[in-house]
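Report on one structure; see the data block that follows.
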Amino acid sequence: MQNKNREFLLISKKEEAENITSLFFKPADELDFNFIAGQYVSVSILSIGGRSKCYTISSVPSDKLICLTVKRQGEFSSELIDSKIGDKLIFNGPYGNFYPEENCGDLVFIAGGIGIAPFISVIRDRLNSPVCAGMKERSKITLLYSNKTMASVAFWDELSQLKESGAIDMVYFLTQEKNNKDPLIQEYSRINRELLKKYIFPFEKRNYYLCGSIQFVNAIWKELKGIGVPEENIFTESFY
């Protein structure tokens, strides 16, 4: 069920990485807000004329607060991050179908920068949910996460803990920082065809979800096609 022009109150903020902030909201009417992990909302800010922009929800449906994780880029996102605790914003939604079905086989998530937002929601939701009837185990999740530098990696502590615990298979990529010595960083390169072969072979019986800038998503889509992944197994969401 979609909500139209519904007021939400900003409750708190958390710095996630360089220029990336998570903002936590609750409905002003204190009624439930239902969504599926991976969906997004359209946010309107009255202080800049009620203009709107879409942001992925990074919390999970069972959380008490709704979280949007936002990168400071452009006037609108900066205004949103700079909102004061107690400010009211208008949400419309949720929207979107960028989420895997329950029995969809193994999953490969490929994120560029703030494109991690839908994946952190889906990963949290899946790991916290019981295994459905008829399934022997959860789908295997592989996350390839590309950033320019260590400072720009959002959710570092949480994702690194999941990686070290074996809850997900994960590979960090840094593209503009070659001298970092953190043992959790595997690759100092853009994600390319050879590295896809290295980390996600075999390619069959998996679904691939890509999220990031248009340029990032287009490049990864071409690389996946180049190694034989069928188009119907690739799902994309991109932003400007």
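The values are calculated or read from the model by the stated rules, or taken from the named source; none is laboratory data. Remember, predicted model here, so these are calculated numbers, not experimental data. So basically every Cβ, Gly included, is an ideal-geometry build from the backbone, and we count neighbours across all protein chains shown.
For this structure, a couple of remarks:
- Criterion violated by Gly86 - all others in (1) assigned to a loop (DSSP other than H, G, I, E, B); (2) assigned by TED's automatic domain parsing to the domain that holds Ile123 satisfied: (2)
- Taken over the range 170-185, the residue count meeting the criterion of being buried (at least 17 other Cβ atoms within 10 Å of the Cβ) and more than 13 Å from Val153 (Cα to Cα) is 1.
- Qualifying positions in the range 9-48 - in contact with a helix residue (DSSP H, G or I) (Cβ under 8 Å, 6 or more places away or on another chain) and of a type in the set (Asp, Glu): Glu18
- Which listed residue, of Gly74, Gly112, is at pLDDT below 95 and either under 12 Å from the mean Cα position of the chain (by Cα) or not assigned by TED's automatic domain parsing to the domain that holds Phe216 (or both): Gly74
- Residue in the range 147-166 that is at positive phi and in contact with a helix residue (DSSP H, G or I) (Cβ under 7 Å, 6 or more places away or on another chain) present: yes
- For the range 37-64, taking the residues that are in a loop (DSSP other than H, G, I, E, B), at pLDDT 95 or above and touching a strand residue (DSSP E or B) at 6+ places or on another chain (Cβ under 7 Å), the one that is surrounded by the fewest Cβ atoms within 10 Å (Cβ to Cβ) is identified as Gln39.
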